Each structure stands twice: as C-alpha cells, then as structure tokens.
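Below is one structure, written out as structure tokens; the observations come after it.
Values quoted throughout were computed directly from the atomic coordinates according to the rules given, and no laboratory measurement underlies them. What you see is a predicted model, and the numbers here were worked out from it, not measured in a lab. Heads up, the Cβs are rebuilt from the backbone with ideal geometry, glycines too, and the neighbour counts pull from every protein chain shown.
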Amino acid sequence: MARTYAGILGPLAFLTCIAHGMVHGRQAETIVLDAWWSLLAFALLGSVVGWIAQRVVEDSVRAQVVQQLASEKTPQRSDTTSTSPKERQPANA
C-alpha cells in the first residue's frame with residue numbers, strides 16, 4: 001500500500017507543479033526543478049501515509065481474526081432443559 005500511495009502522490013505533485021509553472025509563465029528549468037522536488041517530497045509522504053494505512057488495516061484484520069478464533073474456541077452452552085419461548089407463554093394468551 002505504501003508503494004501505491006507513493007506512486008500516486010509523487011507523480012500527481014509532479015504534474016501539478018508543471019501545470020502551475022506553465023500557467024504562471026516560469027522558466028522551464030525552474031519548473032522541472034520544483035516539480036522534481038515535489039515528486040520526491042510527495043512520494044515520501046505517500047510512502048509514509050501508505051505504510052501507516054497498511055499497518056492500521058493489518059491490525060484491524062488481525063484483531064477480527066483473533067476475535068473470531070476466540071469465539072470458536074469457547075464452547076457454546078446448550079440448555080436442553082429450557083423450553084422455547086412459545087412453550088413459556090400462558091395458554092390463554
């Protein structure tokens with residue numbers, strides 16, 4: 001997930017900087033340099049955010065699996081002496 005976020009945010013920042021520089025009539029060297037630094041910065045940011053997101057998802061899934069396994073290990077109580085709700089109702093009801 002970290003690589004995916006980095007692969008999306010980095011090029012998006014790169015293209016945004018190029019478009020911004022062209023709209024404002026900046027020099028090509030300045031545009032490319034700014035776009036390159038933005039690519040690196042946002043790819044790093046995307047990598048960190050993606051890593052955090054992956055950890056959160058893994059922890060959540062792990063907790064659900066542990067909870068399901070714990071519920072399967074606990075024996076289910078079956079009371080054979082209890083009556084169903086229909087049998088408990090009074091006859092005149």
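Tabulated values for the structure
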item	result
Selection from VAL48, GLY10, HIS20, by position along the positive dipole direction of region 2-70 (Cβ)	VAL48
Packing-based exposure ordering (other Cβ within 10 Å, fewest first) of VAL66, VAL49	VAL66, VAL49
Neighbour-count ranking [beta-carbon atoms within 10 angstrom, fewest first] of MET1, MET22	MET22, MET1
Approximate spin-label separation LEU15-ARG3, in nm, with each point projected 7 Å along Cα-to-Cβ	2.1
Rounded if a/c under 1.5, otherwise prolate or oblate - region 2-66, Cα gyration tensor axes	prolate
R0 of 35 Å, Cβ-Cβ distance SER60-VAL32: FRET efficiency to nearest 0.05	0.25
Computed E for HIS24/LEU45 - FRET, C-beta separation, R0 25 angstrom, nearest 0.05	0.60
